[in-house]
Amino acid sequence: MSTLSVAHLGPVAYRDGLDLQSGLVRARAEGLTGDWLLYPDHPPVLTVGRGGRGESLRADPATLGRLGIEVFEVARGGDFTWHGPGQLVGYLVCDLTTRGRDLHRFLRDIERGLIEALRVWGLDGETLPGRTGVWVGGEKIASIGVAVRRWVSYHGFALNVAPDLRFFELIHPCGLRGIHMTSLAARLGPKAPDLAGAREAVATGMAERLGYPGVAWADAETVRRLATAEPGNLIETAPAAR
Amino acid sequence: MPISIVVPQLGESVAEGTVARWLKAQGDRVRKEEPLVEIQTDKINVEIPSPAEGTLASILVAEGTTVLVGTEIAVLAAPDEVVGGKPAAAPALAPAVAPAPAATPARARAAAPPPAPPAAAPEPAYASHGNGGMVASEGRNLSPAVRKIMREQGVRSEEISAIRGSGLAGRVTRDDLLEYLSRRVAAPAAATAAAAAPPLAVHVPLPGYLAPQAPAAGALGPREEVIPFTRVRKLIAENMVRAKHTAAHTHCFDEADMSAIVALRKEWAPKLEAQGAKLTYMPFFIKASVLALKEFPWVNGEVRGETMVLKRYYHIGMAVGRDEKGLIVPNLKDCDRKNLVQLAAEVNDLAARARNDRLKPDDIVGGTFSITNAGVYGAINSAPVINVPEVAILGVHKIVERPVIRDGQIVARPMMNASIGFDHRVVDGELAVKFLRRVCELLERPELLWFYA
């Protein structure tokens with residue numbers, strides 16, 4: 001398998017992130033590029049996947065309006081979740097055909113990639129059967145929700161590095177009642193990594209558990225050009241499928 | 001040739017998927033590779049692309065329905081085929097001109113019955129089906145569900161012609177056919193086979209291993225048969241091994257004098273039957289368990305890492321055997337807030353949906369404690385496997401008249417053995433024994449529910 005291309009996109013509105021992923025999924029399906037891990041920095045948003053139930057949203061529209069939080073319905077699996085500052089959101093745009101189209105294995109590998117990264121900071125992440133995500137000491141530290149189009153994945157995971165955990169009180173995360181969210185900062189205090197450190201460690205852990213020989217960092221501009229590329233208009237600087 | 005759209009293989013451990021959203025409506029033209037439908041499993045949502053260009057002739061499975069991998073969910077007609085055009089807003093009476101899905105071989109493998117034909121007041125989700133899923137047969141429309149049962153039960157079309165249908169324009173519905181079959185099975189020729197089977201067995205063909213074997217044609221046939229695991233079987237196998245590997249399984253046993261419950265049920269079953277609810281023993285077992293769980297909260301929990309999570313809600317799992325389709329344990333939500341009549345209705349509904357592959361994902365997750373009744377198959381005792389991550393499971397069994405001593409006299413009483421499988425990591429033997437005794441006591445003296453529930 002070729003290397004995993006990784007890019008930090010910087011600030012991205014949630015809707016623009018969806019468009020970017022759509023474009024990149026198409027480019028990947030048409031063989032214009034390889035597999036990607038993208039890190040967008042989203043403003044606070046709530047998103048709900050296809051498994052979503054209205055009752056998982058605890059806040060009323062007025063509260064959301066006051067906080068300036070938009071709600072997006074997206075085509076990934078899973079229920080409500082929150083994204084925003086202090087959280088490491090990772091989009092995984094990967095061809096699943098080369099992975100035997102085994103969806104659960106892909107989810108389990110993402111979990112293992114995150115657990116691998118947590119180990120760097122001495123945390124023992126664990127998985128719970130039937131509850132996709134990564135947990136530390138009974139509290140949830142990372143959520144996973146994936147969509148697949150033309151057998152290419154998008155969306156991905158969200159690892160709580162140092163977000164304001166009170167945002168999760170707006171919802172029942174993932175539709176689960178009575179679960180507690182935690183973060184690297186809550187667990188590690190001053191020893192917690194910053195977002196840049198988390199990006200590095202998670203990219204390494206993901207590449208290892210998803211079976212890539214290594215990672216290749218690229219810039220956001222390359223991703224944007226690929227996402228709007230037309231077939232026959234191959235971009236030379238793009239890390240094409242190797 | 002119509003093309004059958006099935007839920008594709010989605011991975012080694014994926015046995016089923018939920019139809020999350022139809023991206024095309026019945027009658028829409030689709031290009032090859034264009035997304036048709038979203039299927040969800042676990043935390044993944046997959047768009048299934050169309051295998052060819054054509055027209056979506058009929059949608060067989062409604063949004064929100066969970067079906068096994070391999071189930072046919074739609075039929076695609078080739079571009080040059082005549083199809084029923086745009087779907088009618090409401091079921092029409094005219095015979096459909098949609099291609100006959102029954103002709104496609106994949107259908108025979110479909111594990112879940114397609115949605116029942118629209119009743120007099122169709123749900124909106126089914127309205128778009130129109131009559132696209134039905135074919136004209138002997139001048140009468142038969143739904144996919146009816147045809148499936150006909151195939152499984154070997155019902156001839158002459159028999160169907162003789163049934164007075166209660167559906168639109170005298171159409172024979174699934175219920176008509178099941179009602180007919182219940183009488184047909186009762187005929188003398190089949191009586192012996194039916195007598196031993198539980199009541200619902202008339203709906204379900206006997207699995208291969210229970211069906212009467214034809215006398216061996218000769219001694220030359222193979223003496224062993226190799227049958228690969230189905231996906232559901234693999235999943236059950238994995239769950240069982242995981243349960244046995246993680247929980248420190250231990251069992252203990254008790255017995256209950258069921259005189260009071262037997263009398264209560266004898267009196268109330270006909271009354272509830274008149275209201276349309278079948279009263280089995282399960283609601284009594286649930287009721288007794290919930291009160292006992294409230295008194296022993298440690299039994300209603302989950303091991304999560306090195307923590308014990310106690311739950312103050314009571315979602316009681318109920319093991320449902322489904323012959324060769326394999327065991328499944330859906331759960332009834334918030335049993336502490338329901339009376340016996342409500343529990344009876346929900347038990348019946350859940351069991352029926354489990355057998356007909358109509359469970360929703362929510363039905364099989366979130367259980368806090370489970371009950372398994374091996375008595376329906378005749379067992380007088382069992383050592384059940386815990387439905388992890390729960391920490392205990394109650395086993396209930398056949399009620400048998402046995403001699404017992406009461407006031408120095410030998411008398412016959414309807415007795416039942418009860419067992420508990422518990423995770424000895426967190427539930428001590430003392431607790432398990434006390435809990436089980438309390439369940440038996442509540443069954444022996446249901447008036448305690450008056451005083452303490």
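The values are calculated or read from the model by the stated rules, or taken from the named source; none is laboratory data. Just so you know, these numbers come straight off a predicted model, no measurement behind them. No Cβ is skipped: glycine too gets one built from the backbone with ideal geometry, and neighbour counts run over all protein chains shown. Quick note on the areas: whole protein, heavy atoms, side chains included, nothing else; ligands and nucleic acids left out. Shrake-Rupley method; radii C 1.70, N 1.55, O 1.52, S 1.80 Å.
Here are some notes:
- One residue stands out among those in the range A:122-133 that are out of contact with any strand residue (DSSP E or B) (no Cβ under 8 Å at 6 or more places or on another chain) and at the interface with chain B (Cβ under 10 Å from one of its Cβ atoms): the one that is nearest to A:ALA186 (Cα to Cα), which is A:ARG131.
- When the strands (runs of 3 or more DSSP E) confined to the range A:2-71 are screened for residues that are open to solvent by 10 Å² or more (accessible area, probe 1.4 Å), within 14 Å of chain B (Cβ to nearest Cβ) and within 26 Å of B:THR41 (Cβ to Cβ), those reaching at least 1 such residues are found at A:45-48.
- Scanning the range B:20-35 for residues that are modelled with pLDDT under 90 and aliphatic (A, V, I, L, M) returns B:ALA20, B:ALA25.
- When residues of the range B:380-425 are limited to those that are small (Gly, Ala, Ser) and crowded, with 16+ Cβ neighbours inside 10 Å, the one nearest to B:LEU443 (Cα to Cα): B:ALA418
- Residue ID - farthest from the other protein chains (Cβ to nearest Cβ), chosen from residues in the range A:84-109 that are touching a strand residue (DSSP E or B) at 6+ places or on another chain (Cβ under 8 Å) and open to solvent by 20 Å² or more (accessible area, probe 1.4 Å): A:PRO85
- Of all residues making up the range B:48-63, the number that are open to solvent by less than 40 Å² (accessible area, probe 1.4 Å) and not aliphatic (A, V, I, L, M): 5
- Against the conditions (1) assigned to a loop (DSSP other than H, G, I, E, B); (2) basic (Lys, Arg); (3) under 30 Å from A:THR132 (Cβ atoms), B:ARG353 satisfies every one except (1).
- Each residue in the range B:276-295 was checked for being open to solvent by 40 Å² or more (accessible area, probe 1.4 Å) and either of a type in the set (D, E, K, R) or in contact (Cβ under 8 Å) with a residue 24 or more places away in the chain (or both), and 5 of them qualify.
- Count - residues of the range B:432-453 that are farther than 19 Å from B:THR280 by Cβ, buried (at least 16 other Cβ atoms within 10 Å of the Cβ), touching a helix residue (DSSP H, G or I) at 6+ places or on another chain (Cβ under 7 Å) and hydrophobic (A, V, I, L, M, F, W, C): 1
- One residue from B:GLU302, B:GLU273 being open to solvent by 60 Å² or more (accessible area, probe 1.4 Å) and of a type in the set (Asp, Glu): B:GLU273
- Residue check, B:ASP349 within 14 Å of chain A (Cβ to nearest Cβ) and either closer than 30 Å to B:ILE73 by Cα or surrounded by fewer than 22 Cβ atoms within 10 Å (Cβ to Cβ) (or both): no
- Identity of the residue in the range B:281-316, in a loop (DSSP other than H, G, I, E, B) and under 18 Å from B:LEU343 (Cα atoms), that ends up farthest from the other protein chains (Cβ to nearest Cβ): B:TYR281
- Here B:SER182 meets the list (1) modelled with pLDDT of 60 or more; (2) open to solvent by 60 Å² or more (accessible area, probe 1.4 Å) almost entirely, failing just condition (2).
- Just so you know, in the range B:16-47 the residues that are open to solvent by 10 Å² or more (accessible area, probe 1.4 Å) and aliphatic (A, V, I, L, M) include one that is nearest to the chain's Cα centre (by Cα), and it is B:ALA20.
- Scanning the range A:2-32 for residues that are among the hydroxyl-bearing types (Ser, Thr, Tyr) and at pLDDT 90 or above returns A:SER5, A:TYR14, A:SER22.
- Filter result (crowded, with 17+ Cβ neighbours inside 10 Å and in contact (Cβ under 8 Å) with a residue 60 or more places away in the chain) within the range A:119-133: A:LEU123
- Scanning the range B:1-17 for residues that are of a type outside the set (D, E, K, R) and either assigned to a loop (DSSP other than H, G, I, E, B) or under 19 Å from A:VAL152 (Cα atoms) (or both) returns B:MET1, B:PRO2, B:VAL7, B:PRO8, B:GLN9, B:LEU10, B:GLY11, B:SER13, B:VAL14, B:ALA15, B:GLY17.
- Of the criteria (1) closer than 19 Å to B:SER289 by Cβ; (2) outside any loop (DSSP other than H, G, I, E, B), which one B:VAL404 fails: (1)
- Hits in the range B:334-346 (condition: within 20 Å of the chain's Cα centre (by Cα), surrounded by 18 or more Cβ atoms within 10 Å (Cβ to Cβ) and not in a helix (DSSP H, G or I)): none
- Hey, B:PRO270 closer than 30 Å to B:PRO403 by Cα, modelled with pLDDT of 95 or more and assigned to a helix (DSSP H, G or I) or not: no
- Selection within the range B:19-48 - part of a strand (DSSP E or B) and either more than 8 Å from chain A (Cβ to nearest Cβ) or of a type in the set (A, V, I, L, M, F, W, C) (or both): B:VAL19, B:ALA20, B:TRP22, B:ARG29, B:VAL30, B:LEU36, B:VAL37, B:ILE39, B:ILE44, B:VAL46, B:ILE48
- Criterion (closer than 29 Å to A:GLY197 by Cα and in contact with a Cys (Cβ under 7 Å, 6 or more places away or on another chain)) met by exactly one of A:ASP124, A:ASP109, A:ASP41, A:ASP79: A:ASP79
- Conditions (1) more than 9 Å from chain B (Cβ to nearest Cβ); (2) modelled with pLDDT of 90 or more; number of the one not met by A:HIS172: (2)
- Restricting the first member to the range A:134-156 and to residues that are facing chain B (nearest Cβ under 9 Å) and within 22 Å of A:TYR14 (Cβ to Cβ), and the second to residues that are β-branched (Val, Ile, Thr) and outside any strand (DSSP E or B), the beta-carbon pairs closer than 6 Å and six or more apart or on different chains are A:ILE144/A:ILE110; A:ARG149/A:VAL25.
- Filter result for A:ILE115 (more than 9 Å from every other protein chain (Cβ to nearest Cβ), open to solvent by 20 Å² or more (accessible area, probe 1.4 Å) and at pLDDT 95 or above): yes
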